[in-house]
Every structure is written in structure tokens, then in C-alpha cells.
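Working notes, beginning with the structure itself.
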Amino acid sequence: MQTQAPIFQLEQVGFQMNQQQILKEVSLTIHAGESIAIIGPSGSGKSTLLKIIGSLLSPTEGVIHYQGQNISEIVATEYRKEVSYFFQNALLFDETVRDNLAFPALIRDESFDEERAIRGLEKVSLDASYLVKSVHDLSGGEKQRIALVRNLMYLPKVLLMDEVTSSLDATNRDIILNYVRQLNTEESLTVLWITHNNDDTQYFDRVLQVKNGVMEELK
Amino acid sequence: MNESLEISNVSLVLSTALIILAVSVDFKEKIGLSKDIIIAALRAVIQLFVIGYVLAYIFQVDNAVLTLVMVAFMIYNASYHAHKNSNGLRHSFRTSLLAIGIGTSLALFILVASGTLDWTPSQIVPITGMISSNSMNTIGVIYRTLRTQFQDRRQQIQEKLALGANAKQASAGILRDSIRIGMTPSISSTKTVGLVSLPGMMSGLMFAGIDPTHAIRYQIVVMFMLVAVAAISSFIASYLSYQSFYNEQLQLTID
């Protein structure tokens with residue numbers, strides 16, 4: 001794996017906002033199929049780093065290369081279909097679960113693959129009956145699991161997980177963690193996972209710590 | 001009829017008692033609008049006197065080109081004011097000019113081509129004023145709605161962008177809502193016309209001694225026209241404005 005060209009190369013990446021340095025000179029090489037946990041105190045710059053990798057923010061210093069190409073030169077919509085960002089408290093939009101799971105097909109101008117959606121729901125311990133449920137009738141854990149299925153309707157190359165299990169109980173957390181680990185192992189999905197739970201780090205190839213905007217590799 | 005509409009200078013000065021009444025309410029309640037009320041009243045007096053003399057001249061000359069210049073002037077002014085109230089929205093003058101210009105031109109074309117109006121200043125100028133001011137107000141609502149919606153639905157937009165949606169796909173719900181909200185005042189006033197309000201156009205014609213049934217026919221055309229122009233202006237302003245909320249990297253620019 002290590003002999004391949006890296007999927008990501010971050011060179012001296014920094015981010016400044018309102019004259020405050022949130023992220024300082026982050027240099028990092030990530031290879032396809034790696035799983036990386038990112039830890040650090042609240043407000044240390046972890047989410048900013050992940051948002052920059054997900055192209056939802058642009059770095060104010062340095063460059064990021066994705067598969068050898070500067071991400072600022074890649075069409076954002078194409079990039080984000082390959083590098084998928086998952087929010088801490090994901091929001092389901094429109095009316096039903098089906099609306100949400102059909103959205104990735106809609107933006108690709110393709111028809112909704114209901115079988116694939118049901119298989120996805122089953123992977124996170126939900127069933128086909130959820131397709132017609134209103135997004136307003138779901139628990140926090142169910143919403144987060146459905147949002148994960150939405151991100152994975154078309155398997156991306158990279159999944160960026162921003163403390164996605166922080167507000168969930170152990171059952172929901174395990175369902176999401178196990179499914180993502182399975183995709184990492186079986187589909188070589190590259191995973192970057194921000195967590196506050198140090199126990200989670202045992203499941204990842206590498207562990208990075210971000211403190212006061214400075215990144216350090218712990219494992 | 002004309003004698004009953006005569007307002008002497010003394011009567012006009014005495015009518016400022018109404019403005020003093022408004023300022024008194026403001027003063028008592030400490031709202032802080034006294035300065036605005038006085039400036040608005042002074043501006044209204046100056047602008048109306050100036051436009052009164054200008055219109056008297058234009059009506060008297062009755063020249064097609066001068067009428068066109070007046071139409072262009074009104075469209076420009078409406079666009080400029082919509083732009084000034086856009087809170088710094090990118091390209092808002094160009095957007096306002098296109099939305100008001102296309103809406104107004106299309107409505108005037110239909111009205112003249114159908115024979116409803118003649119291309120004479122006494123018919124075209126008042127109608128243009130009505131259309132362009134209605135369009136200006138509609139666009140003001142659109143700009144405010146877009147800004148509020150992009151702020152309120154920030155995370156939803158971010159989620160859609162993160163899934164790979166383009167700006168139009170991510171903004172689809174907001175575009176629908178802003179057009180709907182922009183059109184609502186015109187639809188509401190059309191629903192309640194005759195029940196709640198007797199529009200200025202119709203009242204003015206009746207004042208001038210026109211048969212009420214003729215005045216009503218005219219008003220029906222005007223109401224339909226205002227709904228159509230609100231739809232066109234809302235559509236153009238929304239579709240030309242939503243991209244102002246994204247940067248070149250397709251990231252939201254609003255906090």
C-alpha cells in the first residue's frame with residue numbers, strides 16, 4: 001500500500017480566520033485505504049482540518065494534493081463525490097428518508113436505486129420500511145445512520161467523519177463504526193475519523209493529534 | 001370635478017399637521033424615526049413637485065422617444081433603489097436592472113400590442129411607475145428572503161454541497177421559497193382587491209370622472225399585469241442572485 005502514490009498530500013497547510021491562526025503548517029501524507037483517527041481537545045482545529053480536506057473550506061496557506069492534483073484545480077462537485085464529508089450532527093432534508101437517499105442519484109442525473117438504498121439501510125440495522133418514514137419522526141441515532149447511508153449511496157474513495165458518533169449511544173456508535181471499518185477493510189475506503197473517545201483509536205492504522213492548530217502523529 | 005380636487009397652498013401646509021402627528025407618536029414612543037419621517041416627507045414634496053412639472057411637460061409634448069426615455073429613467077431608478085437595499089449582494093444592480101427591465105418591458109409590450117394601452121406618455125408613464133415599483137418591491141423581498149434562507153439553512157446547503165451538489169442543486173429549495181415569498185404580496189393584493197383596497201389606478205380614473213365599469217376593466221388588466229411582472233422579476237432576481245452566496249470553490253460565503 002505504501003508504495004502507491006499518496007491519495008492526499010498536505011503541504012504546510014494553514015488556516016486563519018478573523019486574524020486568528022486556527023491551523024498551523026500541517027504537512028501530512030495519506031495513502032489510499034488507510035484509516036486515520038484524529039484526536040484533540042475541542043476547538044483545536046480538527047474539524048477545520050477535515051473541512052479543508054473536504055474542500056468545504058479553503059486553506060489560507062499551503063496546498064493540498066489529491067491523487068497528485070491540487071484540489072483547488074479540481075471541479076468541486078466531482079471532488080466531493082469522491083471525498084465525502086460527514087457532519088457531526090447530520091441533517092436530513094426534505095420530507096422522507098427516501099428523499100434523502102435519492103438525493104445522490106438526483107445530483108448525478110441518475111434514477112434512484114431502491115435496492116441499493118435498502119441494502120444500505122440494512123447495513124446500519126434499519127429496514128426497507130424506513131424509506132417512507134418522515135425525517136421528523138426519527139431519533140438522533142437513526143438520523144445519523146441514515147445520513148451515513150446517504151453518503152455511501154455511491155461509494156466514495158474517502159470518507160471524512162467529523163465526530164459523527166459523539167452524541168450517540170453505544171449501540172448506534174458501534175453500528176456506524178463497524179460499518180465504516182468493514183468498508184475500510186473490504187472496499188479499501190480511506191477513512192479519516194475525528195473522535196473524542198480515545199478507545200476508538202485502537203481501530204485505526206494511524207492516530208493524529210491536533211492541539212492549538214498544530215498536528216502531531218501519535219501512531 | 002377639478003374644482004373639488006383643488007388643494008390650495010394653505011391646505012397643503014396645513015396637511016403637514018399629519019406629519020407632525022406621526023412625529024409626535026414617534027417622539028412619545030421614543031422609536032427614533034422622527035428624522036426619517038421628516039426626510040421622507042420633504043423628499044416626497046420635492047420629488048412630487050419636480051415630477052409633476054416634468055410629467056406636465058412630457059404629457060404636453062407627447063413624443064414617443066421622450067416617453068421611452070422616461071420609461072428607461074423609471075426602470076433605472078427602481079433598479080438603483082433595489083440595488084441599494086440589497087445589503088451588498090454581488091452584481092445586485094445588474095440583476096435588478098435585468099429583472100425590472102425585462103418584467104416591465106414585457107408587460108408594456110403585451111399591453112401596447114394587445115391595444116389595451118396607446119404609446120402615449122399619459123398612459124405609459126403611470127403604468128410604468130406601477131409596474132417598476134411593484135417589481136422593485138418584489139426584488140427587495142427576494143433579496144431579503146435569499147439572505148435569510150441562506151443563513152437559516154446553512155447546514156442543509158453545506159450537507160448538499162458535501163454530497164457533490166452544484167450551487168443550483170444545493171439552492172433548489174431556497175429558490176422555490178424565495179420566488180413563492182416574492183410573489184405572495186402581489187397574489188394577496190389581487191385576492192383582496194375591491195374587498196380591502198380600492199387601488200389607486202381605479203380610484204384615480206373614477207376621480208377623473210371615468211365610468212366605474214371602464215375603470216374596473218382597466219384595474220383588472222393592471223392587477224393581472226402586476227402578478228405576471230412579480231413572477232418574472234422574482235424568477236430572474238432569484239436565479240441571478242443565488243450564486244452570489246457561493247465562492248469560486250463552491251463554498252458558502254455567508255456566515
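The values are calculated or read from the model by the stated rules, or taken from the named source; none is laboratory data. The structure displayed is predicted, hence computed values, not measured ones. Positions of Cβ are generated from backbone atoms using ideal geometry, with glycine treated the same way; all protein chains shown enter the neighbour counts. Keep in mind that these areas ignore ligands, DNA and RNA; they rest on the heavy atoms of the full protein, side chains included. Shrake-Rupley method; radii C 1.70, N 1.55, O 1.52, S 1.80 Å.
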Alpha carbon centre of region B:1-67 versus region A:149-219: separation in Å?
-> 68
Counting trypsin sites (Lys or Arg not before Pro) as exposed when in a DSSP loop with at most 15 other beta carbons within 10 Å, what is the longest stretch of chain B free of them?
-> B:91-255
per DSSP, antiparallel bridges as share of beta bridges in region A:17-167, % nearest 5, sits at 50
Considering only DSSP beta bridges whose two residues both sit in region A:156-217, what percent are antiparallel, to the nearest 5?
-> 45
Relative contact order for chain A using alpha-carbon pairs under 8 Å, separation at least 6, rounded to a whole percent?
-> 30
If you bin the C-alpha pair distances of region B:41-164 every 5 Å from 0, what whole percents do you get?
-> 2, 10, 16, 17, 15, 14, 9, 6, 4, 3, 3, 1, 0
Report the residues of region B:110-140 in range of a label on B:Leu68: point 7 Å along Cα→C-beta, backbone N strictly under 19 Å from it.
-> B:110-115, B:117-129
Which whole DSSP H helices in chain A pass both tests: a Cα extent of 15 Å or more along the axis and a mean Kyte-Doolittle value no lower than 0.5?
-> A:97-107
Given a Förster distance of 30 angstrom, what is the FRET efficiency for A:Glu217 paired with B:Ile254, based on the Cβ-Cβ distance and rounded to 0.05?
-> 0.25
Report the one residue of A:Thr77, A:Ala147, A:His65 whose Cα lies farthest in the direction of the positive end of the charge dipole of chain A (charges on C-beta: Lys and Arg +1, Asp and Glu -1; origin at the Cα centre).
-> A:His65
Taking only C-alpha pairs under 8 Å that are 6+ residues apart, what is the relative contact order of region B:88-148 in percent?
-> 42
So what's the back-of-envelope 222 nm ellipticity for the protein assembly as shown, counting only DSSP H runs of four-plus at -39500 (n - 2.57) apiece and dividing by all residues, rounded to 500?
-> -18500 deg cm²/dmol
How many nm separate the modelled label positions at B:Leu117 and B:Ile20, each set 7 Å beyond the Cα in the direction of the Cβ?
-> 4.0
Quick calc of log₁₀ I(q)/I(0), chain B, Debye, one scatterer on every Cα, no solvent, q values 0.07 1/Å, result -0.32
Over 23 Å between C-alpha atoms is what I'm after, so list which of A:Lys81/A:Lys133; A:Lys81/B:Lys168; A:Lys24/A:Lys157; A:Lys123/A:Lys211; A:Lys123/A:Lys143; A:Lys123/B:Lys168 land there.
-> A:Lys81/A:Lys133; A:Lys24/A:Lys157; A:Lys123/A:Lys211; A:Lys123/B:Lys168
For B:Gln169 and B:Gln60, extending 7 Å from Cα along the Cα-Cβ vector and measuring point to point gives, in nm, a value of 6.3
Using 1/(1 + (r/R0)^6) with R0 = 51 angstrom and r between the beta carbons of A:Asn198 and B:Arg90, what's the FRET efficiency to the nearest 0.05?
-> 0.65
Heavy-atom SASA rank of B:Tyr53, B:Tyr246, B:Tyr239 (probe 1.4 Å, accessible area, largest first) | B:Tyr53, B:Tyr239, B:Tyr246
Using 0.36 nm per residue of separation minus the Cα-Cα distance, give me the extension gain between A:Ser72 and A:Arg108 in nm, one decimal.
-> 10.8 nm
Just by accessible area at a 1.4 angstrom probe, what is the order of A:Val13, B:Val193 from largest to smallest?
-> B:Val193, A:Val13
Taking only Cα atoms, what is the 0 to 90° angle, nearest 10, from helix B:121-152's long axis to the longest principal axis of chain B?
-> 30
What range in chain B is the longest one free of GluC sites (Glu not before Pro) that are in a loop by DSSP and have at most 16 other Cβ atoms within 10 angstrom?
-> B:7-247
Which whole-angstrom value gives the distance between the alpha carbon centres of region A:35-66 and region B:190-218?
-> 63
Determine the residues within region A:77-103 where the difference in accessible area between the chain on its own and the full set of protein chains amounts to at least 50 Å²; count protein heavy atoms only and use a 1.4 Å probe.
-> A:Thr77, A:Arg80, A:Phe87, A:Leu91, A:Phe93, A:Phe103
Roughly how big is chain A's charge dipole about its Cα centre, with Cβ charges of +1 (Lys, Arg) and -1 (Asp, Glu), in debye to the nearest 20?
-> 300
Heavy-atom accessible area of A:Val63, protein chains in place, probe 1.4 angstrom, given in Å² to nearest 10, is 50
What fraction of the DSSP beta bridges in region A:98-219 is antiparallel, stated in percent and rounded to the nearest 5?
-> 45
Going by alpha carbons, how many degrees (0 to 90, nearest 10) lie between the helix axis of B:212-241 and the longest principal axis of chain B?
-> 30
Could you order A:Thr185, B:Thr184 by accessible surface area, starting with the largest, using a probe radius of 1.4 Å?
-> A:Thr185, B:Thr184
When the convex hull of its Cα atoms is projected in every direction, mean area for region A:60-176 (nm²) = 8.4
Subtracting the Cα-Cα distance from 0.36 nm times the residue separation, let me have the gained length for B:Glu29 to B:Asp177 in nm, one decimal.
-> 49.7 nm
